[in-house]
1. With the structure loaded, tell me whether Ser182 is in a helix (DSSP H, G or I), of a type in the set (Ser, Thr, Tyr) and surrounded by fewer than 19 Cβ atoms within 10 Å (Cβ to Cβ) or whether it fails that test.
2. Under 7 Å by Cβ, and 6 or more places apart or on different chains, what pairs join a residue from region 266-281 that is over 14 Å from Val354 (Cβ atoms) and of a type in the set (S, T, N, Q) with one that is assigned to a helix (DSSP H, G or I) and at pLDDT below 95?
3. Residues that are of a type in the set (A, V, I, L, M, F, W, C), surrounded by 12 or more Cβ atoms within 10 Å (Cβ to Cβ) and not in a helix (DSSP H, G or I): does region 70-82 have at least one?
4. Please go through region 27-45 and give me each residue that is over 21 Å from the mean Cα position of the chain (by Cα) and closer than 12 Å to Gly119 by Cβ, ordered by number.
5. Within region 145-155, is even one residue assigned to a helix (DSSP H, G or I), open to solvent by 50 Å² or more (accessible area, probe 1.4 Å) and closer than 28 Å to Leu13 by Cα?
6. Can you tell me how many residues in region 301-355 are open to solvent by 60 Å² or more (accessible area, probe 1.4 Å), closer than 30 Å to Leu98 by Cα and outside any helix (DSSP H, G or I)?
7. Just the residues that are in contact with a Pro (Cβ under 7 Å, 6 or more places away or on another chain) and open to solvent by 10 Å² or more (accessible area, probe 1.4 Å), please, taken from region 221-255.
8. For a quick check of your reading of the model, give me the residue pairs whose first member lies in region 128-156 and is touching a residue at least 60 places away in the same chain (Cβ under 8 Å), whose second is crowded, with 16+ Cβ neighbours inside 10 Å and not in a helix (DSSP H, G or I), with beta-carbon atoms closer than 6 Å and at least 6 apart or on different chains.
Amino acid sequence: MVFSSTIFIFLFLPLVLLCYFLAPRKIKNYVLLLFSIIFYLFGGPKFLLVLLLVVLVDYIGAFFIDKGTKKRKKIYLIFTIVVNLGILVYFKYTGFFLSNINSIFNLNINIPKIVLPIGISFYTFQSMSYVIDVYRGKVALQKNFFTLLLYVCLFPQLVAGPIVRYETICDELKNRRVDFSSFVYGTERFILGLFKKIVIANQMGKLADIVFASPELTFLSAFLGGLSYMFQIYFDFSAYSDMAIGMGRMFGFKFLENFDYPYIAKSITEFWRRWHISLSTWFRDYVYIPLGGNRKGVKRQILNMLVVWCLTGFWHGAEWNFIIWGLYYFVFLVLEKFVLKKVLDKIPNFFKHVYALIIIYIGWIIFRCDNLGSLSIYFKGLFNFNFTSASISEFMVYLETYYVYFILAIIFSMPVYYKIVKKFESVSNEKLRNLFTFIRYFALICVFIVTIMFLAYSSYNPFIYFRF
């Protein structure tokens, strides 16, 4: 079940809300837990056992860490992390490692067909962060197993993030309230996320799939295909985060922002402060800083960055293109930190923005191509400046079909909507402010209706971040 499905929008979510708000305060968490488990069961009952195993391991591990001596705490922590990572590696990377061993050593080891549990990369990291924070003394031990299970498998953020830290919602797991304005904000956020997913990401995805599957590419089609994927992956994932944050608000949880308009960045460093914030801060706090961060000299800092970006790429998938993608960003982040910073500080913002977009654009092509062969073919097309009448005609057909969605993508890649809202909310004239509020919510209803129409008339509705 995905958020952008009719069964979720018109059956599951209304039913959860109804049961949740009718339930007494003492059992609200159990209502959410029950529906979160039902939600996950749609992905396959056997996957639920993996999720329960991860939470059980971390529940027991945190208990022993909390009660153990200083020396034993570290042993328990290492054991718990090894088990977590072992589960993740088995399901996600077994095929990758075995296929590469076969290739390198000319062996014929049987590669088992292991189905990847939905959301395992997200909930494993989320659950591990709780154990690590118990070890560090940042959070108190959660004695109620079902409360910890709810934290990990709360359905708005279960299968595709954001990676929610226990410390940010531990108080809300015990005591939270939902007022009218929070619920309205959550609804607005959900509708906007749904619109971004169905109307923008899906349409961009259609074009990206066509272009990336083409055996022959020229510059025009390759450029447009790369641009469409660049928008697809942003709006697909940020839309999911918007819907997750929105639904969290409906139930009284304040999840931290996961995207902050990354395509307005003026450097790659800034881009990664704005893109998938929950993942980049997770690697910063639980890998980079424990390795020494920037405290042990330049060479060690670069090595630490290398480790983090290899892991960041590998986290996204068991393919070499993801590792190359991580290393690609490592190179530019190192260059910006030690070589380009003074240059970037001096040039106009427009050129800094163009520089960042070019690097990001190329990065998404590396990310999208599943193997080195397809990556080579795509870059050959991107530098094939053979402007024939056929290639120009193909480009114009694509542009005429999708130009509206490109315009919407550009607009919603910038904080235009919220700047307009903020401006009118600060107007001193109460009548004008009330008029704008009416127009705003009427427009949201229209957006929702249009989005549902798109959903009803299209069978193309992937969530590409489920694979991670």
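1. Yes.
2. Listed pairs, sorted by first residue: Thr269/Glu336.
3. For region 70-82, residues of a type in the set (A, V, I, L, M, F, W, C), surrounded by 12 or more Cβ atoms within 10 Å (Cβ to Cβ) and not in a helix (DSSP H, G or I): absent.
4. Gly44
5. Within region 145-155, the subset assigned to a helix (DSSP H, G or I) is 145-153, 155.
Remaining after also requiring open to solvent by 50 Å² or more (accessible area, probe 1.4 Å): 146.
Filter once more, keeping what is closer than 28 Å to Leu13 by Cα: 146.
Yes, region 145-155 contains a residue that is assigned to a helix (DSSP H, G or I), open to solvent by 50 Å² or more (accessible area, probe 1.4 Å) and closer than 28 Å to Leu13 by Cα.
6. Of the residues in that region, 1 qualify.
7. Result: Phe255, single match.
8. Pairs that qualify, where the first residue is touching a residue at least 60 places away in the same chain (Cβ under 8 Å) and the partner is crowded, with 16+ Cβ neighbours inside 10 Å and not in a helix (DSSP H, G or I), are Ser129/Arg165; Leu148/Gln142.
The values are calculated or read from the model by the stated rules, or taken from the named source; none is laboratory data. All figures in this text were calculated on a predicted structure; none of them were measured in a lab. All Cβ positions, glycine included, derive from the backbone under ideal geometry; neighbour counts span all protein chains shown. Please note that ligands, DNA and RNA were not included when accessible areas were found on the heavy atoms of the full protein model with its side chains. Shrake-Rupley method; radii C 1.70, N 1.55, O 1.52, S 1.80 Å.
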